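First comes the structure, then the notes that go with it.
The values are calculated or read from the model by the stated rules, or taken from the named source; none is laboratory data. The structure presented is a predicted model; accordingly, all values stated were derived computationally and were not measured. Cβ placement follows ideal geometry from the backbone for every residue including glycine, while neighbour counts extend to all protein chains displayed. In case anyone asks, the SASA skips ligands and DNA or RNA and just uses the protein heavy atoms, side chains included. Shrake-Rupley method; radii C 1.70, N 1.55, O 1.52, S 1.80 Å.
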Amino acid sequence: MENSTQESQPRPENVVTYESPYPIYAMAISAVNRRRVAVGSFIEELKNRVDILSFSEDSSSLKPVPSLSFDHPYPPTKLLFHPSVSAPSNLLASSGDFLRLWEVKDSSIAAVSTLNNSKTSEYSAPLTSFDWNEVEPRRIGTSSIDTTCTIWDIEKGVVETQLIAHDKEVYDIAWGEAGVFASVSADGSVRIFDLRDKEHSTIIYESPMPDTPLLRLAWNKQDLRYMATILMDSNKIVILDIRSPTMPVAELERHSASVNAIAWAPQSARHICSAGDDAQALLWELPTVAGPNGIDPMSMYSAGAEINQLQWSAAQPDWIAVAFANKMQMLKV
């Protein structure tokens, strides 16, 4: 991405494209093996796919590894690899009808476990998202349309705790510390939960328009005071400081259509990327003090269609991954 607020296309060697036979939504980059990238199909039927790609910076290529493709029931709503570079195996997690764990080996995939968060049924309410705890990697937190968040101990394969987190569907979840997570919901609120005190939560922000759902949540891992959220059908990214609830510290409003995805830089506390229906990925640097006319992005990238998802992974901090239509692109920052 070029450093200018003018529309700018990176040089060809700074964009690596993978074209899939089907629409792409979920994406993840492995910490254990930085060359491994997972992409999930988005087909509105039972049979979907997860493809494992091999990413090469040297040859600027993203190529599927045929022996590592596998069927996935329903479109995965999210994919994440185990967050630790020293994990004993290259585990991949996916959410959809259940939370599923897969082991990505050199030339094969092994299904490790299928985790159902319903205590009373063999079926589970659909999972909208999940987050893998980087401090305590045995913990994964999931969010569901049934208003709950479920914290799993994946090593034991058991539910550590399940909370009714919101009044309506929970759309996203993000870990802050080992035992602290936050979630956003169709009820329009951002809430923080501490596993040491499960009876209480702190509301950090509520949509200014009543009943406007909050769709995504990103917690700044380099500075845990800050998080970002997006509202349904809104071109705004709302930046929050948990020390001063209710009032955003900044609102980034340079997209010309709805924002779909946000990700903080894994190596910098002041940079965030957003992408949306205007087919643009915008890279922002948050100033220490916002001026009266708002904040302009430091660079922008135009994709070929609405961008549905983006990932900025600590495993490849110099690259941002975006998904639009049937393409995934890695953009060098």
*Accessible area of His72 in the full protein assembly, 1.4 Å probe (Å², nearest 10)*: 0
_If I take every Cα pair under 8 Å that is 6 or more residues apart in the stretch 155-301, average their sequence separation and divide by the length, what percent do I get for the relative contact order?_
14
*Which one is right for this structure if semi-axes √(5λ) of the Cα gyration tensor in Å is calculated from it: (i) 27, 27, 17; (ii) 49, 33, 14; (iii) 35, 24, 21?*
(i)
_Where the chain is the region considered: accessible area per residue in Å², 1.4 Å probe_ = 43
*Want the number for Arg34 to Gln267: 0.36 nm per residue separation, take away the alpha-carbon distance, what's left?*
82.3 nm
*Using Cα-only point scatterers and the Debye equation, what is log10 of I(q)/I(0) for the stretch 231-333 at each q in 0.10, 0.16, 0.18 Å⁻¹, rounded to two decimals?*
-0.26, -0.67, -0.85
*Going through the stretch 71-136, which chymotrypsin sites (Phe, Trp or Tyr not before Pro) have at most 13 other Cβ atoms within 10 Å and a DSSP loop state?*
Tyr123
*Counting alpha carbon pairs within less than 8 Å and at least 6 residues apart, what relative contact order, in whole percent, applies to the chain?*
15
*How big, in percent, is the set of alpha carbon pairs in the stretch 292-333 lying more than 11 Å apart?*
68
_For the stretch 26-87, what does the relative contact order come out to in percent, with C-alpha contacts under 8 Å and a separation of six or more?_
40
*Of all the accessible heavy-atom surface of the stretch 45-155, with the other protein chains kept in place and a 1.4 Å probe, what percent is carbon and sulfur?*
51
_Using 0.36 nm times the number of residues separating Val289 and Asp197, minus their current alpha carbon distance, what extension gain do you get?_
29.7 nm
_Quick check: net charge around Ala315, other residues with Cβ under 14 Å of its Cβ, Lys/Arg +1 and Asp/Glu -1?_
+1
*For each pair in Lys78/Lys119; Lys63/Lys105; Lys119/Lys156; Lys63/Lys327; Lys47/Lys78; Lys78/Lys156, compute the distance between the two Cα atoms and list the pairs where it is over 19 Å.*
Lys78/Lys119; Lys78/Lys156
*When the solvent-accessible surface of protein heavy atoms is calculated with a 1.4 angstrom probe, in what order do Ile145, Ile24 fall, highest first?*
Ile145, Ile24
*Approximate spin-label separation Ser118-Arg225, in nm, with each point projected 7 Å along Cα-to-Cβ*: 4.4
*Centre separation in Å (Cα based) which lies between the stretch 141-173 and the stretch 55-71*: 32
*Stretch Val159-Glu13 to full length: gain in nm at 0.36 nm per residue minus the Cα-Cα span?*
48.0 nm
_In whole percent, and with a 1.4 Å probe on the protein chains, what portion of the accessible area of the stretch 172-311 is carbon and sulfur?_
48
_Restricting the stretch 235-333 to trypsin sites (Lys or Arg not before Pro) in coil, as DSSP defines it, with at most 15 other Cβ within 10 Å_ = Arg243, Arg270
